[in-house]
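Heads up: the structure comes next, in structure tokens.
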Amino acid sequence: MGRRGCTNDFYPSELEWCSIIKYFDNLEKLEIDIYFYQASRSRFDDYDPFVEMVQSFIDNPMPKMKELKLCAINAFFQDEFLSNLPLIFPNLETFNLVELGQQGFTDKKTVETKKLSYWRMDTILDVLNSLGSIKNLCLPTMEMVLASINDLGEHNKSVHRTEHVFCKALDIIDKNFPLSLGNLKITDSKYGFAILKEKMKPPKMFNQKEIGGRQILDSEHIEDRGEVRLKLRPRGRKRKRGGNKNHDKDEEIVLSGELIKSLYEAHIAKSSKYAKFE
């Protein structure tokens, strides 16, 4: 396992005891009710105790484990751990995350109002395939914002590749996740792709950064003019005579700061729909 790209690191002292679990060979049911506090990544640049902990589980699988229940979302909900569930617990039948309240003593928000970042663009399909293989799956309401795969704050995938990944993710959730599961939202902050799985409804995919069905590829704040300039994805390809293909030129839309402010106050600020995942 390589170094992960997101910044969810944990204190080594809080993870050391976890590897002891693998020595319980006959364990069939496990409930973990502990919150692992995150640490600054810079403190452990040369030592990654979390990856070592996951590897120790992979090297010592627990075939008798049937049920895993978590009462906190962070270390054991990280993509490295989830994507390896079939290797760690090859006969797991139930994976249950209870309806969660506060996470940690200093946390004043519940998971239902949090945006989490424990999954990445490069691992999301592995995570969903792993979760989809479990017979009894129960997840709490949450929004998972896919984390970066580098230190620049965003992933390095193209808009076409990102869309392809989300289409495959939608297909996995639609085919393998229980209809009763919800509400799960997976979003990409770079291009605006989103998947929403509501309870007793099939998942749907949409884009949160679109104008007239065209994605916003980039934005620029022109402060001295009080404007925001949006760069839109080309409409498609046109074929010229002779068989050459040519992309439509990029199009820009300019919105005034006053317009953005008025739209926000009129439609967003007081709407419970948008406050749900804030």
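Condition test on L70, is it touching a residue at least 24 places away in the same chain (Cβ under 8 Å) and closer than 15 Å to S130 by Cα? No. Of the strands (runs of 3 or more DSSP E) that lie entirely inside the stretch 156-217, those containing 1 or more residues that are modelled with pLDDT of 90 or more and among the small types (G, A, S) span 193-197. Would you check if G153 is buried (at least 17 other Cβ atoms within 10 Å of the Cβ), part of a loop (DSSP other than H, G, I, E, B) and at pLDDT below 90? No, not satisfied. Among the residues making up the stretch 51-86, those that are under 15 Å from D25 (Cα atoms) and part of a helix (DSSP H, G or I) are S56, F57, I58, D59. Considering the conditions (1) within 30 Å of K190 (Cβ to Cβ); (2) touching a Pro at 6+ places or on another chain (Cβ under 8 Å); (3) at pLDDT below 90, E99 is excluded by exactly one of them, (1).
The values are calculated or read from the model by the stated rules, or taken from the named source; none is laboratory data. Everything quoted here is computed from the prediction, not taken from an experiment. Cβ coordinates were reconstructed from backbone atoms using ideal geometry, including for glycine residues, and neighbour counts include every protein chain displayed.
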